[in-house]
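Inspection log for the structure reproduced underneath, given as structure tokens.
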């Protein structure tokens, strides 16, 4: 705490004790109890606190951040509900980019995820789908997968993947702007882990240390966010990871993610859109097993 106060003073900053709070990130069963003070003023301990537009929670979850973003999208959805009767689809897309996607993209590499089944992210996924239906002026229960493809828009989880990969690309090819602050992006290519050639040497994957072999915590000796970024980067095709130009990589990355969105959906024989793992609709009743017929007689 003294180092933090000294740093503030060296940079002509004065911490305000009445506006400063602290949070303890520690397991529940072993949480220590102590007090922090600034100029004999005891600081308040809170379970969550706002920081640069997001909410840092004691449990290191992002439920409050997602709830805040959904509340920002509510009035925008009401505006789209009236605007879709007068504006064209292209103009509504500009409204979506300006007032909806901008909120969803802010710090998404911190609070976002690439898992569609994550519970905390579901309210925001539903809010995004509502916006898409309003842009296309469709009923509430309309499937949104074809609408995303029609509008050439990315889903929330793919927006997270896109932002993570765009953030990693400059660090992989040494094109990071010098005016930006230093980030903890220290990656080792798989080809650099061995002096001899291996079957993975020709690929541009990043070496991901196995947490079981390190004997450390679940991060495996690597920062948690960096580990998540590496896993997402390694999922990209090698032809895409090998593009050194940032603008070309950005363009091809979006096309790749749109293609993945389209491949996740398969047309049903009756015209409905179903997931790959969802069986097609059928009017035939399932057959009763032969053994069950014998027992019924």
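The values are calculated or read from the model by the stated rules, or taken from the named source; none is laboratory data. Keep in mind that this is a model prediction, so the values were computed, not measured. Neighbour counts are summed over all protein chains in view; Cβ atoms, including those assigned to glycine, are modelled from backbone coordinates with ideal geometry.
Please verify whether region 157-173 includes one or more residues that are part of a helix (DSSP H, G or I) and over 19 Å from residue 107 (Cβ atoms).
Yes; the residues of region 157-173 include at least one that is part of a helix (DSSP H, G or I) and over 19 Å from residue 107 (Cβ atoms).
What about residue 6, is it within 21 Å of the chain's Cα centre (by Cα) and free of Cβ contacts under 8 Å to residues at least 12 places away in the same chain?
no
Can we say residue 87 is free of Cβ contacts under 8 Å to residues at least 40 places away in the same chain, surrounded by 15 or more Cβ atoms within 10 Å (Cβ to Cβ) and under 19 Å from residue 24 (Cα atoms)?
For residue 87, the condition - free of Cβ contacts under 8 Å to residues at least 40 places away in the same chain, surrounded by 15 or more Cβ atoms within 10 Å (Cβ to Cβ) and under 19 Å from residue 24 (Cα atoms) - is not met.
Residue-wise test of (1) under 30 Å from residue 125 (Cα atoms); (2) modelled with pLDDT under 80; (3) out of contact with any helix residue (DSSP H, G or I) (no Cβ under 7 Å at 6 or more places or on another chain).
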{"residue": "12", "(1), (2), (3)": "no, no, yes"}
{"residue": "19", "(1), (2), (3)": "no, no, yes"}
{"residue": "39", "(1), (2), (3)": "no, yes, no"}
{"residue": "43", "(1), (2), (3)": "no, yes, no"}
{"residue": "47", "(1), (2), (3)": "yes, yes, yes"}
{"residue": "53", "(1), (2), (3)": "yes, no, yes"}
{"residue": "61", "(1), (2), (3)": "yes, no, yes"}
{"residue": "71", "(1), (2), (3)": "yes, no, yes"}
